[in-house]
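Engineer: Mind having a look at this structure? Questions to follow.
The values are calculated or read from the model by the stated rules, or taken from the named source; none is laboratory data. All of these numbers come straight from a predicted model, not from anything done at the bench. Here the Cβ is made from the backbone with ideal geometry for all residues, glycine too, and neighbour counts use every protein chain on show.
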Amino acid sequence: MDKQSDFVLRTIEERDIRFVRLWFTDVLGTLKSVAVAPAELEGAFAEGLGFDGSAIEGFARVYESDMLAKPDPATFAVLPWRSESPGVARMFCDILMPDGTPSYADPRWVLKRTLSRAADLGFSFYTHPEVEFYLLKHAPGDGPLEPIDHYGYFDNSPQSIGHDFRRQAITMLEAMGISVEFSHHEGGPGQQEIDLRYADALTTADNLMTFRLVMKEVALEQGVYASFMPKPFRDAPGSGMHTHVSLFEGDRNAFHEPGAPYQLSKVARSFIAGLLVHAPEITAVTNQWVNSYKRLAGGGEAPAWICWGHNNRSALIRVPMYKPTKGNSTRVEVRSLDSACNPYLAYALLLAAGLKGIEESYDLPPGAEDDVWALTPAERRALGMRPLPLSLNQAIQEMERSELVAETLGEHVFDFFLRNKQAEWEDYRRQVTPWELDRYLSTL
Amino acid sequence: MTGRPTTPSGALARRGFLDPVAAERLLQSMPAASEELVEDLSRSADPDRALEHLAGIAAAMDRRSLDGVLHDPDDRAALVAVLATSDALARHLARHPARARGLGRVPAAHRGAGHVRATLLRAVGADPDAPEPTATAAHPQDALRVAYRDLLVEAVVRDVVHGASFEDVSAELADLADAALEAGLAIARSELPPDSAPCRLAVIAMGKCGGRELNYVSDVDVIFVAEPRDGADETEALRTATRLATGLMRACGEATAEGELWQVDAALRPEGKQGALVRTLASHLGYYERWARTWEFQALLKARPAAGDRALGEAYVNAVTPLVWSAADRDGFVADVQAMRRRVEEHIPAKEADRQLKLGRGGLRDVEFAVQLLQLVHGRSDVMLRSPTTLVALESLATWGYIGREDGATLAAAYRFLRTLEHRIQLIELRRTHVVPEDDESLRRIGRSLGLRGDAVEELMEEWRRHAREVRRIHEKLFYRPLLQAVARLDAGIARLTPEAAEQRLEALGYTDPVGALRHLEALTAGVSRRAAIQRTLLPVLLGWFAEGPDPDAALLGFRRMSDALGSTPWYLRLLRDESVAAERMARLLSSSRYAADLLLRAPEAVAMLADDDELRPRTRESLEAEADVAVLRHDDATAAIAAVRGLRRRELFRISAADVLGLLNEDEVMTALTDVAEATVSGGLQVAVREVTGGMALPPRFAIIAMGRFGGSELGYGSDVDVMFAYDPAPGADEQETATAALAIANELRRLLMVPSTDPPLEIDADLRPEGRQGPLVRSLASYRAYYERWSSPWEAQALLRGRPVAGDVGLGAELAEVFDPVRWPAGGASDEDVREMRRLKARMEAERLPRGADPTLHTKMGRGGLADVEWVAQLLQLRHAHDVPGLRTTSTLGALRVAADAGLLTTSDEEALERAWLLATSVRNAVVLARGVAADSVPSSGRDLAIVAHLMDIRVTGDLLEHYRRTTRRARGVVERVFYD
């Protein structure tokens, strides 16, 4: 047993921890948790904890269902929310096959694999997400869809629930070792934004899984409901997860080149070009729900066309204003992701698309300078801007043809994801919506 | 010659000068030259070079000093020896001629680490007695280089003049490196800004320097450890320490007017080149406890405080040592070690491979690696094995019985020779090289420097090859032979491996049941029989071969069974004794293929086949059929006759599977060979059955067998059933009922004969593809076939007939049947739209229904996505539609049809390739599954040992990669199927 595991076992003893939750993520990005008593933990560290993989979305088929969850002692944290205290802690797990080799079905492993491919090229990948979500008065089923307030972007709302919420949420995140850079009221009624500090992509993805749960818990304690649904209100902005990404070579920001246009190095330009070329085929993962496409259709700051721009908030990729004192902070912002994606898979694909651009030395097309939404379709065509897929169905079809996505996700996850999303689309197609009833029933 | 007195140049030639004319001229130009000088030169490693260098130095010296050197016999001899050995040091002496004096007074014994440390510190103007010596000299880097080379010259004198041992020379070089690191640190201190935070810094030597077995020229591996001093802030202290470390690396590695010493390499530190250059002790420990890989622990074996803060250095080594000794308990230790081994072998550029001293099988690195591995495995429980020095460790392994005494001594001698050879090669130019030069001149110089005096080149090569031969058998000697001693009944008092240590070692080598393995070893080697004696010699080699395969435990058990069956047959013992290629091949089969191993154990004498590549070439169908015919004729008794035919089949299956596992056959050849064997078996069996049934008949019918499915396509795999249809034709005037009964009896008798339990594997005949399937009669007459296909036939049956091919029985009847099939399978004008639609629907329904419950469609080789059925249906659809006007499509072969279709423009080349790749991959996976498990399965094994063995047989190292590769290849094929078959 190594020191780290010893430390965990000692802490459990000292702090009177009664249960340890072992966390992992299924292919669709749902957090899974299995509680073990401290006595079982030693065995779990040594050999992993056996569980039935066929019960988890996308993990295994019935006949090969034995899998192992092996906790990573470095991720040990005591859960700070009241409903769990006293004495509950958590650790993230890697999913292993019975022979101890990593499972191709584990999204964490998908990201790790892609990161190690980047490492082979000398790069490490950093991400900084800005997570948006709504606070609602009622949980689904408990009352009408109603936001907690009607404030707007950056509104200072001293006595509001939102203000208290953010303060408590941030305290809790920090208690679990997740640093918050920034938080404010977003544009929609009741909509919040919390930005996590930049970190390597694997840590960020782990943090996002924790983040979503913390938001739900804090909301519960305050008698409200937090939702990451991409587009709950027709007339208010959706919840995106703009992510700033950068590559480092050792301590040096590989995107930065003093004197180049926007200080963007050749690596950065090819990386952006890779994201643009492969944007359609990765959208089914960055925007994985039927509802995700309602956000993309919403106009405003949601990117619907494939282009990049310097400080252009209507473009898919925004190159933020450069601050001369911060060469190491050169980065690009990908704006398509929404808060309900699987962060492991989505980050793996962003990285893979960018690396492809670097490996194949893609050329970067000219940047967009106008508000893309304000252009006419003919203008957009003239500027060579393709649309992002308009629906989950289109996105699935683009993904199906993609070798890049298949290679990055691995054939197992690729196949499962497509089948699952096809089923979701089929189910959606059969729905008769209130909109249809409103519009047709009285006249037809 | 005419009897004239010999000219001086002639005399010089006889005394070893290669260019006597030039030598004579040089000697004449040197006033102090003497007969004694010529004598010294002629005894040296390279008289011409030595003289040339001497002339250069003489020119730079004043006359008195030169006379002093050349008249003192000891000074002269030492100088000549150094000049003859090293061009680089000769140039050093030419630049600093005063230092060429007095070499005769260099003592035979090294003056000690303290002496060299003080010398180099003083050279840079630092006080050796200060707690933190700091350089004050004006050009400390140059001063360090000159002083270092002076000491190096001394070391060379001890090496080549006094004949110091390899151990002493390499230890002295390590002391010199320590001293230079200390002086480099003193220089770095002098460059620190005055307000730097105080810190303690220790330089830990790793690698050869750490083991005090350094080369003349190599990178010096180090790790830096630092701690704040006097309550300084840790971050600030680490900043100072990092400055010191980079300053030290520069002081030693940078090229100045006086050249460079060597590179200081800190890449062995935690996280390698990505990691911080300097860490605190706690940070080092944190890393090793959590993140370190097996090879890092192996590297830590050699950690030794070399310079800087002594107490901190000791604390570091004391703290990491316990970690080193638990490395062998870590998860994945065996896999790591095997991967490390492969890396050692893979890193040699092919063109230098045969002249490399360091890398590759049997190179120096291999010796060091093997010794370290044994230390890691056994050092945990035995503190006597923990020396960082290769030769010392080797000796203690022998002393305490972990390896044989003689083996230990032979290897030590070889290691000493190879290292000394490497030293002499490096000395010439003081260059870091491990490649034996190719030109005779250099080889002569090196050989003479090692004291070889006859034909130095020839003798040197001979010595080298002799030692290399010993080293190449290192794994046998070090790893495996001692295991036998552990189970042998030897005299008490002889040190040997204990059973516990033997189990540890077997586990480290990849055996999962070490207790069982030891039991087999004991049984195999016990006693005084010739067999036991031979097996004692061979087993160390075999155990290594077994361990390279995926299932060493099964291999050892298999070998024991072989030995029980054949143990006293002289030819078998000879085969083992000679350690022939046959023995190695047997080891590989036993450890990687249950199928081949089963066939071998059914009739162990087949092992003889492995000796000869010709024997492993599949027999032709003609020769097999001829052999079967003769066997049937020879035995009147049906049981005996069929036994001969089936024995033939078993032997051929072994031949094919063995050749396949050993990588001698490609997929096409395997399919053809298996089909040929099946044809000969069916044909032989049919003769026996016909003889049994129609023996008394006046008018026996003609009888024929049509191969269908993969059999018809000549595409059989190890696990394939043999699909057939039976047909007969009554003799004119024969009784119809009687004939029909006889025909049915023939078919049934054939099936029975081929299935009767026996030591030979059964062959299952499947007639389900006949008209009306299982509902239809098993045997039909020619007329009945004709009537049936004229009236009924569905598209499905036309499709089945595409692969119909007469293979046994009456040739004329076969041809007549083919004529009946042709208009059905190659319909004039192509299959009708309605038939095509029907086929597509049938296929679509099969996709939904035929896949077994719970099966993963992405891994099912037969009915899965992009699997065999997908590809075959594409080929068959193209045939049904186009065979009438593309004659090449009239083939029973799937790949043949696809290739013709591509040539005819019915498929794009890339589509054809995608289909072909998937079909071949599915085929080889199916074959590999049977080879691995002994029985067929329709899915790629998705985990566990079966997957590991299948991957090994397919030359894929990471098991998960096989699944990825399979899913990817078949996904692409499926894309083609969707377009080509359905649209």
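Engineer: Taking the range A:410-437 on its own, how many of its residues are among the hydrophobic types (A, V, I, L, M, F, W, C) and touching a Pro at 6+ places or on another chain (Cβ under 9 Å)? Steps first, answer last, please.
Structural biologist: Within the range A:410-437, the first condition is being among the hydrophobic types (A, V, I, L, M, F, W, C), and the residues that meet it are A:413-414, A:416-418, A:423, A:425, A:432, A:435, A:437.
Then keep just the ones that are touching a Pro at 6+ places or on another chain (Cβ under 9 Å); that gives A:413.
Residues that pass the stated criteria total 1.
Engineer: Working only within the range B:952-969, note down all residues that are touching a residue at least 40 places away in the same chain (Cβ under 8 Å), within 11 Å of another protein chain (Cβ to nearest Cβ) and crowded, with 21+ Cβ neighbours inside 10 Å.
Structural biologist: B:Leu963, B:Tyr966, B:Arg967
Engineer: Regarding the range B:270-278, can at least one residue be identified that is away from every other protein chain (no Cβ under 14 Å) and either surrounded by fewer than 20 Cβ atoms within 10 Å (Cβ to Cβ) or modelled with pLDDT under 85 (or both)?
Structural biologist: At the first step, the residues of the range B:270-278 found to be away from every other protein chain (no Cβ under 14 Å) are B:270, B:278.
Those still in the list that are either surrounded by fewer than 20 Cβ atoms within 10 Å (Cβ to Cβ) or modelled with pLDDT under 85 (or both) too: B:270.
Yes, the range B:270-278 contains at least one residue that is away from every other protein chain (no Cβ under 14 Å) and either surrounded by fewer than 20 Cβ atoms within 10 Å (Cβ to Cβ) or modelled with pLDDT under 85 (or both).
Engineer: I'd like to verify a number: residues in the range B:794-820 that are farther than 20 Å from B:Arg774 by Cα and assigned to a helix (DSSP H, G or I), how many?
Structural biologist: Total meeting the criteria: 10.
Engineer: Right, next: Evaluate the range B:806-819: report whether one residue or more is buried (at least 16 other Cβ atoms within 10 Å of the Cβ), within 45 Å of the chain's Cα centre (by Cα) and within 29 Å of B:Arg926 (Cβ to Cβ).
Structural biologist: Yes.
Engineer: Any residue at all in the range B:19-39 that's under 27 Å from B:Glu172 (Cβ atoms) and either more than 52 Å from the chain's Cα centre (by Cα) or small (Gly, Ala, Ser) (or both)? Quick ask: steps written out before the conclusion?
Structural biologist: To start, the set of residues in the range B:19-39 that are under 27 Å from B:Glu172 (Cβ atoms) comprises none.
Taking every residue of the range B:19-39 in turn, none turns out to be under 27 Å from B:Glu172 (Cβ atoms) and either more than 52 Å from the chain's Cα centre (by Cα) or small (Gly, Ala, Ser) (or both).
Engineer: Given (1) surrounded by fewer than 22 Cβ atoms within 10 Å (Cβ to Cβ); (2) out of contact with any Pro (no Cβ under 6 Å at 6 or more places or on another chain), where does B:Met708 come up short, assuming only one miss?
Structural biologist: (1)
Engineer: Another question about this same structure. Scan B:Thr420, B:Thr512 and give me the residue that is hydroxyl-bearing (Ser, Thr, Tyr) and in contact with a Phe, Trp or Tyr (Cβ under 8 Å, 6 or more places away or on another chain). Break it down into steps so the answer makes sense when it comes.
Structural biologist: Values: B:Thr512 fails: in contact with a Phe, Trp or Tyr (Cβ under 8 Å, 6 or more places away or on another chain).
None of the other options fit; the residue is B:Thr420.
Engineer: Continuing with this model, one more query. Please verify whether the range A:44-51 includes one or more residues that are within 25 Å of A:Phe417 (Cα to Cα), modelled with pLDDT under 85 and either within 23 Å of the chain's Cα centre (by Cα) or not small (Gly, Ala, Ser) (or both).
Structural biologist: Within the range A:44-51, one or more residues are within 25 Å of A:Phe417 (Cα to Cα), modelled with pLDDT under 85 and either within 23 Å of the chain's Cα centre (by Cα) or not small (Gly, Ala, Ser) (or both).
Engineer: Output the residues belonging to the range A:389-444 that are closer than 25 Å to A:Trp305 by Cβ and of a type in the set (D, E, K, R).
Structural biologist: Hits for the range A:389-444 are A:Glu398, A:Glu400, A:Arg401, A:Glu403, A:Lys421, A:Glu424.
Engineer: Has the range A:426-434 got any residue that is of a type in the set (A, V, I, L, M, F, W, C) and either assigned to a helix (DSSP H, G or I) or in contact with an Asp or Glu (Cβ under 7 Å, 6 or more places away or on another chain) (or both)? If you could, list the steps in order and put the result at the bottom.
Structural biologist: Residues of the range A:426-434 that are of a type in the set (A, V, I, L, M, F, W, C), as a first pass: A:432.
Restricting the remaining residues to those that are either assigned to a helix (DSSP H, G or I) or in contact with an Asp or Glu (Cβ under 7 Å, 6 or more places away or on another chain) (or both) gives none.
No, that holds for no residue.
Engineer: Separate question: From the set of residues in the range B:844-866 that are more than 14 Å from chain A (Cβ to nearest Cβ) and either surrounded by 22 or more Cβ atoms within 10 Å (Cβ to Cβ) or assigned to a loop (DSSP other than H, G, I, E, B) (or both), which is modelled with the lowest pLDDT?
Structural biologist: Top of the filtered list is B:Arg850.
Engineer: Now for a different question. Hey, among the residues in the range A:1-55 that are of a type in the set (Gly, Ala, Ser) and buried (at least 17 other Cβ atoms within 10 Å of the Cβ), which one's farthest from the other protein chains (Cβ to nearest Cβ)?
Structural biologist: Looking only at the range A:1-55, we keep the residues that are of a type in the set (Gly, Ala, Ser), and these are A:5, A:29, A:33, A:35, A:37, A:39, A:43-44, A:46, A:48, A:50, A:53-55.
Those still in the list that are buried (at least 17 other Cβ atoms within 10 Å of the Cβ) too: A:5, A:29, A:44, A:48, A:53.
Working: A:Ser5: 10, A:Gly29: 22, A:Ala44: 14, A:Gly48: 11, A:Gly53: 11 Å.
Here the residue is A:Gly29.
Engineer: While we're on this one: Restricting attention to the range B:927-950, which residues are more than 13 Å from every other protein chain (Cβ to nearest Cβ) and out of contact with any helix residue (DSSP H, G or I) (no Cβ under 8 Å at 6 or more places or on another chain)?
Structural biologist: Here is the first cut: in the range B:927-950, the residues more than 13 Å from every other protein chain (Cβ to nearest Cβ) are B:927-936, B:950.
Across the range B:927-950, the qualifying residue is only B:Val935.
Engineer: Looking at the range A:158-175, can you tell me whether even one residue there is within 19 Å of the chain's Cα centre (by Cα), among the basic types (Lys, Arg) and not in a loop (DSSP other than H, G, I, E, B)? Break it down stepwise before answering.
Structural biologist: Filtering the range A:158-175 down to residues within 19 Å of the chain's Cα centre (by Cα) leaves A:169-170, A:173.
Next, from what is left, pick out any that are among the basic types (Lys, Arg): none.
No - not one qualifying residue is present in the range A:158-175.
Engineer: Report, ordered by the first and then the second residue, all pairs with beta carbons closer than 8 Å, sequence separation of six or more or different chains, a first member in the range A:98-124 that is at positive phi and more than 9 Å from every other protein chain (Cβ to nearest Cβ), and a second member that is among the aromatic types (Phe, Trp, Tyr) and surrounded by 19 or more Cβ atoms within 10 Å (Cβ to Cβ).
Structural biologist: none
Engineer: Select, from A:Ala199, A:Ala175, A:Ala169, the only residue that is among the small types (Gly, Ala, Ser), modelled with pLDDT of 90 or more and surrounded by fewer than 20 Cβ atoms within 10 Å (Cβ to Cβ). Step through it out loud before you land on a result.
Structural biologist: Values: A:Ala175 fails: modelled with pLDDT of 90 or more; A:Ala169 fails: surrounded by fewer than 20 Cβ atoms within 10 Å (Cβ to Cβ).
Checking each option against the conditions leaves just A:Ala199.
Engineer: So which residues in the range B:570-589 are touching a helix residue (DSSP H, G or I) at 6+ places or on another chain (Cβ under 8 Å) and either in a loop (DSSP other than H, G, I, E, B) or modelled with pLDDT under 90 (or both), if there are any at all?
Structural biologist: First, pick out the residues of the range B:570-589 that are touching a helix residue (DSSP H, G or I) at 6+ places or on another chain (Cβ under 8 Å): B:571-573, B:575-577, B:579-589.
Matches in the range B:570-589: B:Trp571, B:Tyr572, B:Leu573, B:Leu575, B:Leu576, B:Arg577, B:Glu579, B:Ser580, B:Val581, B:Ala582, B:Ala583, B:Glu584.
Engineer: Let me confirm something: among B:Arg972, B:Arg917, which residue is within 13 Å of chain A (Cβ to nearest Cβ), touching a residue at least 12 places away in the same chain (Cβ under 8 Å) and either more than 26 Å from B:Phe654 (Cα to Cα) or not in a helix (DSSP H, G or I) (or both)?
Structural biologist: Working: B:Arg917 fails: within 13 Å of chain A (Cβ to nearest Cβ).
None of the others qualify; the one that does is B:Arg972.
Engineer: Looking at (1) in a helix (DSSP H, G or I); (2) farther than 20 Å from B:Gln426 by Cβ; (3) of a type outside the set (A, V, I, L, M), which one does B:Pro31 not meet, given that it meets all the others?
Structural biologist: Evaluating B:Pro31 over (1) in a helix (DSSP H, G or I); (2) farther than 20 Å from B:Gln426 by Cβ; (3) of a type outside the set (A, V, I, L, M) leaves (1) as the failure.
Engineer: Report whether or not B:Leu411 is at pLDDT 85 or above and either basic (Lys, Arg) or crowded, with 22+ Cβ neighbours inside 10 Å (or both).
Structural biologist: Details: at pLDDT 85 or above: yes; either basic (Lys, Arg) or crowded, with 22+ Cβ neighbours inside 10 Å (or both): yes.
So B:Leu411 fits the description; yes.
Engineer: Here are B:Gly231, B:Gly184, B:Gly211: which of them is crowded, with 23+ Cβ neighbours inside 10 Å and modelled with pLDDT under 95? Walk me through how you get there before you give the answer.
Structural biologist: Working: B:Gly231 fails: crowded, with 23+ Cβ neighbours inside 10 Å; B:Gly184 fails: modelled with pLDDT under 95.
After applying the criteria, what remains is B:Gly211.
Engineer: Quickly run through the range B:279-329 and pick out the residues that are more than 14 Å from chain A (Cβ to nearest Cβ), part of a loop (DSSP other than H, G, I, E, B) and not aromatic (Phe, Trp, Tyr).
Structural biologist: B:Thr280, B:Leu301, B:Lys302, B:Ala303, B:Asp309
Engineer: Within the range A:13-46, how many residues turn out to be under 30 Å from A:Thr286 (Cβ atoms) and of a type in the set (Gly, Ala, Ser)?
Structural biologist: We begin by selecting, within the range A:13-46, every residue under 30 Å from A:Thr286 (Cβ atoms); these are A:21-34.
Then drop every residue that is not of a type in the set (Gly, Ala, Ser), which leaves A:29, A:33.
Going through the range A:13-46 one residue at a time, the tally reaches 2.
Engineer: Can you find a residue that is in contact with a helix residue (DSSP H, G or I) (Cβ under 9 Å, 6 or more places away or on another chain) and not in a helix (DSSP H, G or I) anywhere in the range B:652-663? Give the steps one after another, and end with the answer.
Structural biologist: Narrowing the range B:652-663 to residues in contact with a helix residue (DSSP H, G or I) (Cβ under 9 Å, 6 or more places away or on another chain): B:652-662.
Then keep just the ones that are not in a helix (DSSP H, G or I); that gives B:662.
Yes, the conditions are met somewhere in the range B:652-663.
Engineer: Can you list residue pairs whose Cβ atoms sit under 7 Å apart, with the first residue in the range B:236-262 being within 21 Å of B:Ser196 (Cβ to Cβ) and the second being outside any helix (DSSP H, G or I) and aromatic (Phe, Trp, Tyr)? Count only pairs 6 or more apart in sequence or on different chains.
Structural biologist: Within 7 Å, the pairs are B:Ala241/B:Phe224; B:Ala245/B:Phe224; B:Cys252/B:Trp262.
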